[in-house]
Every structure is written in structure tokens, then in C-alpha cells.
Amino acid sequence: MPPRPDSDTARSPLDRPQPMHPLVFHPDGDDVVVGRADTDTYVVLPVDGAYLVHLLADGTPPDRAAAEYRERWGEDVDIQDLLESLDELGFLLAEGETVAEARPVRHQRLGRALFGPVAWICYAALIGLWLVESVRTPELLPDYHQVFFTRYYSLIALFLLVGQTPLIALHEIFHALAGRRIGLHSRFSLGRRLYYVVAETSMDGLVAVPRRQRYLPILAGILLDVLAVAALTLVADLLRRPDGSFPLAAGLCLALAYATVLRLAWQLLFYLRTDLYLLMTTLLGCVDLHAAAKHVLRARIRRLLGRPAEDDSHLHPTDLRVARWYSWLMVLGYSFTLLLGVTAAVPMAYQVIVGVLGRFTGDTPAVELIDSATVLTLSAAQLAVAGAIALRDRRAARASRASQAAQAAQAG
């Protein structure tokens, strides 16, 4: 809901109750999550602030609520400023506005079925069978060579793009359905990162449910990835020839499975805000652990260089306490990135580069030359688009700084 700072609602007499939308109050560590479940609009408040909002929501006139707050907490409060803030959040009922009816949660039954007892038994059986077959048949274990199911590199790139897109979408859909299972209005949508189309899931209401109920929606995407690897690997095993070799269809399954394993490994890059990062912040009751961990790492470097420490008063105490050891996990994440590069990215890139460029020497069939030219053209186009976007963003930032400098000069 857009802000309404000029609404007459926030300027009503302070000696009369202020009509408000139904609000939820959920304790979360040392704070309280307050918000509207119908619009998924939430704010994290300290206990005293939530107490004051609760008084207003219960129909206490603002001036009396301010007096009760003063009596309990020993401090004065700008009640008019609070009302205006609540109005901007859409918590206050404007004149003539009615309380919105609760929206039904679509696909809630599907979410309950996908994460019910029968489903968990099936998931456990699938994963267990996959582990047993992988031990019995080492050829099924993830290996970067599985990506090269054909000698035509453009087909490999196209297949991985087309094949991984629905798996990534299912990853996010599992997040959304796990949220809808517990009554959240989680939303699945398609977005964009640079020139890539990405899938996204919004679960704003997750902050307003008990912490123990948040873990499954957070981990549901990883569960889907594990199930996808298991299913694809088992299908490849079923298609395996009597002599132990894999036909093309099995090779396609193994290629998709390996690409999915890489996405699972990406979850261990702790310097990114992955699903595992969100799980850890939820378990530990953090607010912005990423920012605190970066601050702690910078502080260590500044101490080594003999520079003064930066101010950390803007960071949550819980974040700072956890960041003292979590920051080492970020360093581990950087190390794991190098490991993935050495064991997966660099070998695959080397094989592609050598294979593509090697065709331009010697007697090479025309179809393979076309394949190599296609790969080089697509790679150059990607770099060109990325460079153009970076240049555009740099020019926009430079123009913004110039505009701000001009406004500051005029104001002075």
C-alpha cells in the first residue's frame, strides 16, 4: 500500500480512538514483528514500541496511550509522529475505508500434500535409493565430464539453459508452496538480473510466524534440488546399457544433475545471501548478519593495518555477537568458491576453449566450425551486453552525482 502522509487519518483528534486495520504481533527474540497479514506489510519494533502500537490497535486514544507508555517506560513519545509513521505503513484506516477481508490462500492443500507424511516417505525412499545406486555405480557420481554429452558445445549451452530453467522455477515454487502450506501469501514470479531471467519467491509474511515454522519454507528449494539430482541420476541409471555405457538420454539426465549439484554447492557460498544464510539468520535471530559480518572482517583488516576501528553502533547487538564467528564462514565461502573454480569451472572452461578454438586449425568438418563460431558469437554477445549495461549504470551514477553536486551548490 503506498504511503499516505497527508491523510486526514493521522491528523484526527488525539483524544479519540484511532481506527486501525487488524494487526498481528509476533515476538521474535528481543523484538516484535508487527504488521498486516492481508497486505504482507510488516515492521520490526522494540518491545516498548510494539506495546504502544498494541494500545492503539486495542482502541486506546492516542493521548492516553502516550500517557500509559510514559508511566510504564518512563519516557515521552511523539505520538503524532508515530501515527504518521503508522499511516505511511498503511496500518491506519483512512476516512471511509473499510477493513479488508482476509484473502484465501491459494494452493494451500497442494502445499500440505507436498510436505505431508506420505510425501516425506516418498522423498526419503527416492533419496535413499539414489545414495545406494551411487555407491554401487561410481559412474553415477557427479563429475564435470558429464556436462559434455555431445561434441557440439552450442547444443550443450542451449540444453543446460533450457533444462535448468524449469528446475530453477521448481526450486522457487517449492519455497512458495511450503509457505502457502502454513497460510502465507507467498508469491512466485519471474525477474531479471542483468540480461538473465531469474525466478523469485516473495515470502514477506514469514517474519510473522513462529520461528520453528520458517525452516521448511526456507529449505524447501534445497529439498527440490536434492530430489531433482536423485531423480535424474536414477533415470540415467535405468537407461544405462547392459555394457555399462550411457545413451544420449542418460547423458542428458546426468548433465542436468551435475548442473543442479553446482547450484546446491552454491548454497555454501556464505558471503552470499543464500537459502542457508537465511536459515542461519533465522536460527540465531539475526537482523542483518551479512552487513555485520562484513563489518567484522573489515575491522580485522583495519587492525592488521593499524587503522582506527569503524563505528558499529548502527548494527544490531545480536548480529555483532554472531558475526564474530560467522565472519570466518564467509572466509570459508570464499575458499569454497576457489575450490569450485579449480575442480569445476576452470576444467570445464578449459575443455570448451580448447575444443572450440582447436577446430580452427586443421581439417575440421563445416558443422563443427559453425558450432565453434556460434559459441564464440554468443560469448562475445554476452560480454558486450554486460559491458553495455555496466557502462550505462556508470554513466547514470555519474549523472546522479553531478546532479546532487549541482543541487548542493545551489542550496549553498
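The values are calculated or read from the model by the stated rules, or taken from the named source; none is laboratory data. On a predicted model such as this, the values are computed, not experimentally measured, just so you know. All Cβ positions, even for glycine, are placed from backbone atoms using ideal geometry, and neighbour counts span all protein chains on display. The area values use the complete protein model at the heavy-atom level, side chains included, leaving out ligands, DNA and RNA. Shrake-Rupley method; radii C 1.70, N 1.55, O 1.52, S 1.80 Å.
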Worksheet item: For the Cα atoms of the chain, what angle does the longest principal axis make with the long axis of helix 153-181, in degrees from 0 to 90, nearest 10?
Response: 30 degrees
Response to the item:
On the formula 1/(1 + (r/R0)^6), with r taken between the Cβ atoms of Arg103 and Ala157 and R0 of 51 Å, the FRET efficiency rounded to 0.05 is 0.75
Worksheet entry | Most mobile listed residue (Gln108, Gln267, Gln382) in the chain, GNM with C-alpha springs under 10 Å | Gln382
Worksheet item: If each of Thr377 and Thr364 carries a label point 7 Å out from its Cα toward its Cβ, how far apart are those two points in nm?
Response: 1.5 nm
Worksheet, complete the sentence: Answer in debye to the nearest 20: the dipole magnitude of the chain about its Cα centre, from +1 Lys/Arg and -1 Asp/Glu charges placed on Cβ, is 1540 debye
Worksheet entry | region 50-179 - Rg (one decimal) and Dmax (whole number), Cα, Å | 28.0, 78
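Per residue, how much accessible area does the chain show when a 1.4 Å probe rolls over the protein heavy atoms, in square angstrom?
Working: 23570 Å² over 412 residues.
Ligands and nucleic acids excluded, the result is 57 Å² per residue.
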Practice prompt. On a 0 to 90° scale, report how tilted helix 248-266 is relative to the longest principal axis of the chain, with both axes built from alpha carbons and the result rounded to the nearest 10.
Written response: 40 degrees
Practice prompt. Equivalent ellipsoid semi-axes for region 216-304, as square roots of 5 times the alpha carbon gyration tensor eigenvalues: give them largest first, rounded to whole Å.
Written response: 40, 16, 7
Practice prompt. May I ask you to give the percent of accessible area on the chain that is carbon plus sulfur, with a probe radius of 1.4 Å?
Written response: 63 percent
Worksheet, complete the sentence: Out of Leu158, Leu234, Leu305, a Gaussian network model of the chain with alpha-carbon springs under 10 Å gives the largest mean-square fluctuation to Leu305
Worksheet entry | Sum of -39500 (n - 2.57) over DSSP H runs of 4+, divided by residues of the chain (222 nm, nearest 500) | -20000 deg cm²/dmol
Item to complete: Considering Cα pairs under 8 angstrom that are at least six residues apart, work out the relative contact order of the chain and quote it in whole percent.
Response: 14 percent
Practice prompt. Find the centroid of the Cα atoms in region 235-250 and in region 274-312, then give the distance between the two in whole Å.
Written response: 48 Å
Item to complete: On the full set of protein chains, 1.4 Å probe, figure out the accessible area of His107 and give it in Å² to the nearest 10.
Response: 100 Å²
Item to complete: For helix 62-73, report the angle its Cα long axis makes with the longest principal axis of the Cα atoms of the chain; keep it between 0 and 90° and round to the nearest 10°.
Response: 80 degrees
Practice prompt. Please report the relative contact order for region 257-411, taking Cα pairs under 8 Å with a sequence separation of at least 6, and give it as a percent rounded to a whole number.
Written response: 20 percent
Practice prompt. Report the full-extension gain for the segment Arg401 to Leu248: residue separation times 0.36 nm, less the Cα-Cα distance, to one decimal in nm.
Written response: 49.6 nm
Practice prompt. Starting from the coordinates of the alpha-carbon atoms of the chain, obtain the Kirkwood hydrodynamic radius over all distinct pairs and give the value in Å to one decimal.
Written response: 26.1 Å
